[in-house]
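Let me begin by presenting the structure, written as structure tokens, before commenting on it.
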Amino acid sequence: MNQKIRDLKIRLMLEAEKELTEDLTEVQRYQYYLGRMQFLHYVSGKENLLEADCSGSVCLALLLATGCGIRVTADTLYKKFFTKKNPDKSEIQAVFFITNYDRKLGNRLYHEGECAHVAGLAGTDVVLNCVEPYAVLRSLSDMRPVYNAMDYMVVIRGLDRRALQKASDERSDLFGADYEFLEFQKAISEVKLKNC
């Protein structure tokens, strides 16, 4: 597809989404975008509205909901950004799946205590579970016993909004972000500048 046409489509989509979500809180926008990502194709290392991995879907929802751009692993989301224990329902939340022993998943080795999977909390007991072949909305109550039986600890954490803002401002946590993700970030930054 021609790059200019693709850029225009991204901008038009963002404008339409902006109108739909402008009266929502950040938490509601985050949940909206997670819901919108159902049936997204799972592709490791991706984070756009066509394909993403688990951490990519959370990072994209954060960008679209807050305007703050980070692209990190599930483990970094857990250790650096979603650090609030016992979060309030009025906070952006994610569910983390921490391995209880060293294990290899695909070509990656996860060590005991490392977060191997994340799912954005899209509502009461509902998460966007972005796994192969595609993302689906699932009940956390259904997922928890399955992951516990596979020796994962399941933890819900709230977003540290200041840490997110700081990393976004410093552009310090953007490892290998997709072109589309960077274009979303650029377009959102331009809108923020116009509104100042």
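The values are calculated or read from the model by the stated rules, or taken from the named source; none is laboratory data. Every value quoted in this text rests on a predicted model; they were computed, and no experiment measured them. Positions of Cβ are backbone-derived with ideal geometry, glycine not excepted, and every protein chain shown enters the neighbour counts. SASA here: full protein model, heavy atoms, side chains in, ligands and nucleic acids out. Shrake-Rupley method; radii C 1.70, N 1.55, O 1.52, S 1.80 Å.
Is it fair to say D75 is touching a strand residue (DSSP E or B) at 6+ places or on another chain (Cβ under 6 Å), acidic (D, E) and outside any loop (DSSP other than H, G, I, E, B)? Write out each step before concluding.
Working: touching a strand residue (DSSP E or B) at 6+ places or on another chain (Cβ under 6 Å): yes; acidic (D, E): yes; outside any loop (DSSP other than H, G, I, E, B): yes.
Spelling it out, D75 is indeed touching a strand residue (DSSP E or B) at 6+ places or on another chain (Cβ under 6 Å), acidic (D, E) and outside any loop (DSSP other than H, G, I, E, B).
Would you confirm whether any residue within the stretch 133-142 is open to solvent by 80 Å² or more (accessible area, probe 1.4 Å) and part of a helix (DSSP H, G or I)?
Scanning the stretch 133-142 turns up at least one residue that is open to solvent by 80 Å² or more (accessible area, probe 1.4 Å) and part of a helix (DSSP H, G or I).
One residue is enough: does the stretch 143-163 have a residue meeting the conditions acidic (D, E), at pLDDT 95 or above, more than 17 Å from A61 (Cβ to Cβ) and out of contact with any helix residue (DSSP H, G or I) (no Cβ under 9 Å at 6 or more places or on another chain)? If you could, list the steps in order and put the result at the bottom.
First, the residues of the stretch 143-163 that are acidic (D, E): 151, 160.
Restricting the remaining residues to those that are at pLDDT 95 or above gives 151, 160.
Within this subset, residues satisfying the condition of being more than 17 Å from A61 (Cβ to Cβ) are 151.
Next cut, out of contact with any helix residue (DSSP H, G or I) (no Cβ under 9 Å at 6 or more places or on another chain) only: 151.
Yes, the conditions are met somewhere in the stretch 143-163.
Do the conditions hold for A65, that is, is it more than 30 Å from H111 (Cβ to Cβ) and of a type in the set (A, V, I, L, M, F, W, C)? If you could, list the steps in order and put the result at the bottom.
Working: more than 30 Å from H111 (Cβ to Cβ): yes; of a type in the set (A, V, I, L, M, F, W, C): yes.
The answer is yes for A65.
I want to confirm something. Restricting to the stretch 1-46 and keeping residues that are touching a Lys or Arg at 6+ places or on another chain (Cβ under 9 Å) and assigned to a helix (DSSP H, G or I), which single residue is most open to solvent (accessible area, probe 1.4 Å)?
Applying the filter and picking the extreme gives E26.
Quickly run through the stretch 83-112 and pick out the residues that are surrounded by 13 or more Cβ atoms within 10 Å (Cβ to Cβ) and either more than 22 Å from Q165 (Cα to Cα) or hydroxyl-bearing (S, T, Y) (or both).
Narrowing the stretch 83-112 to residues surrounded by 13 or more Cβ atoms within 10 Å (Cβ to Cβ): 83-84, 87, 91-99, 103, 110.
Hits for the stretch 83-112 are T83, F97, I98, T99, R103, Y110.
Could you please give the count of residues in the stretch 114-132 that are on the phi > 0 side of the Ramachandran plot and assigned to a loop (DSSP other than H, G, I, E, B)? Break it down into steps so the answer makes sense when it comes.
Step one: of the stretch 114-132, the residues on the phi > 0 side of the Ramachandran plot are 123, 125.
Going one step further and asking which of them are assigned to a loop (DSSP other than H, G, I, E, B), we end up with 125.
Qualifying residue count, the stretch 114-132: 1.
For the stretch 78-113, how many residues meet the condition of being of a type in the set (K, R) and either part of a loop (DSSP other than H, G, I, E, B) or over 25 Å from V43 (Cβ atoms) (or both)?
Let us first name the residues in the stretch 78-113 that are of a type in the set (K, R), namely 79-80, 84-85, 89, 103-104, 108.
Applying the additional criterion that residues be either part of a loop (DSSP other than H, G, I, E, B) or over 25 Å from V43 (Cβ atoms) (or both) yields 84-85, 89.
Summing the residues that are of a type in the set (K, R) and either part of a loop (DSSP other than H, G, I, E, B) or over 25 Å from V43 (Cβ atoms) (or both) in the stretch 78-113 gives 3.
Being open to solvent by less than 50 Å² (accessible area, probe 1.4 Å) and more than 12 Å from L77 (Cα to Cα) is the filter here, so list the residues in the stretch 158-173 that pass it.
Let us first name the residues in the stretch 158-173 that are open to solvent by less than 50 Å² (accessible area, probe 1.4 Å), namely 158-160, 163-164, 167-168, 173.
The one that is open to solvent by less than 50 Å² (accessible area, probe 1.4 Å) and more than 12 Å from L77 (Cα to Cα): S168.
In contact with a Leu (Cβ under 8 Å, 6 or more places away or on another chain), within 27 Å of H111 (Cβ to Cβ), surrounded by 14 or more Cβ atoms within 10 Å (Cβ to Cβ) and touching a residue at least 60 places away in the same chain (Cβ under 8 Å) - does that describe any residue in the stretch 175-196?
No, the stretch 175-196 has no match at all.
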